[in-house]
Amino acid sequence: RVQSSGRTLQPAMGKRKAGSKAPGGRKGKKARAQYSDDDGDESDTAAAAIASAVDLDLKQAQAAAAAGAEADDDGEAGQGEAEDENGPEEEKAADPYLLADAKYIQKDTRWRNKQRTLVFASRGVTSRFRHLCEDLRKLLPHHKTEPKFEKKSNLHEINEVCELKSCNNVVFFEARKMTDLYMYVARVPHGPTMKFQVLNIHTTGEVRLAGNCLLGSRPLLYFDKHFSDLAELQLVKTLFTQVFGTPRNHPKSKPFHDHMLAFYWMDGKIWFRHYQIAPETAGVGDDPERQQLTEIGPRFVLDPIRILNGSFSGQQLYANNSYMSPTALRSQAKQLLKNPYMHKLEAKAARKQRVKDSVLPEDPTDEAFL
């Protein structure tokens, strides 16, 4: 007999002789049953050992995770106390525009405000007028262009051009006599329409100011207090907001606000200025209280003429009684220039009359004395 792992086995007897029977009976069955029971006990013992080791490792991992969580809670509590001690100034500096509370900016990333503005001019514009039109196109990322409009065509045909371009706003420049420029701002196709005369034009390339801004960024629109008091200016403000305001999430726009379009009401006219928004110093960042404005250009003045109810047609809603056409102004200027010459002629005639009146009559006694 051979002892092996606690089992008693019979040595092998070689090949079984022919005609002999295989070992069987109750003794063989008992031996086989005992052998299988011993193997099952060993496998159960090994599985139990592995399970206990896994449980131990799991408990150690849970204990380490719990200790790390407690440490993180302590650190956050300490940081929160420090932030409370510093006050609300650091919170304001970290998020000055309260973008964390503006959930609609994070959720809505689609272009919903479908505003498109058609910017073009008529034939006969000068180089300065054309450069002004190009400057306005650069300020409006949502603009669309069109070749020059024929002067003989009816202005009502602009509605068809806007329909072909899928535009709902239009800025049209009309030049007359190569000296006068008119600007039409209209909402297509139902109106209203505003007509202005453009005065004191200074393009961006002409003035060469120090300001600069990112091309395609969204501008801030500023209107002074008069645009909230006067009824006609309230309508102008609403229309200018739709025309000059770049829609959010427009494909050609950039999500930055680094320049401002300002409209001022002064002397019965609308004064337009374009400014850059920049921090006072390099370390200020986006603090809204420490920003400065630098003019970029262009600059011009709009003299309102009339407001129509429809798109290039309709009932007249407003008319500027103090407006004078350029032709009337030139005629008045000629009259003013003519008056000094007339005064000069009158003075010359009066002098001749004084000289004539100052001549003394002949004295009859003059012949008596030679």
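Points to keep in mind about this one:
- At 0.890 mPa s and 25 °C, Stokes diffusion of the stretch 156-266 via Kirkwood alpha-carbon radius, µm² per second: 152 µm²/s
- Listed values for the stretch 235-248 are Karplus-derived 3J(HN,Hα) couplings in whole Hz (6.51 cos²θ - 1.76 cosθ + 1.60, θ = phi - 60°), namely 5, 4, 4, 5, 5, 5, 5, 6, 7, 8, x, 7, x, 6, and x replaces Gly and Pro.
- The Cα center of the stretch 289-314 and the Cα center of the stretch 146-223 differ in position by 10 Å.
- DSSP-assigned coil residues among GluC sites (Glu not before Pro) in the stretch 270-307, each with at most 10 further Cβ atoms within 10 Å: Glu289
- Largest first, the residues Leu215, Leu261, Leu308, Leu164 sort by 1.4 Å accessible area into Leu164, Leu215, Leu308, Leu261.
- For the residue pairs Lys177/Lys254; Lys151/Lys254; Lys151/Lys237; Lys148/Lys237; Lys237/Lys334, the alpha carbons lie more than 31 Å apart in Lys177/Lys254; Lys151/Lys254; Lys237/Lys334.
- Protection-proxy order for peptides 334-347, 142-155, 352-365, each taking the mean of Cβ atoms within 10 Å per residue, highest first: 142-155, 334-347, 352-365
- Solvent-accessible surface ranking, highest first, for Asp229, Asp55, Asp95, Asp303 at 1.4 angstrom: Asp229, Asp55, Asp95, Asp303
The values are calculated or read from the model by the stated rules, or taken from the named source; none is laboratory data. It should be emphasised that the depicted structure is a prediction, and the values quoted were computed from it without experimental measurement. Here the Cβ is made from the backbone with ideal geometry for all residues, glycine too, and neighbour counts use every protein chain on show. Heavy atoms of the whole protein, side chains included, go into the accessibility calculation; ligands, DNA and RNA do not. Shrake-Rupley method; radii C 1.70, N 1.55, O 1.52, S 1.80 Å.
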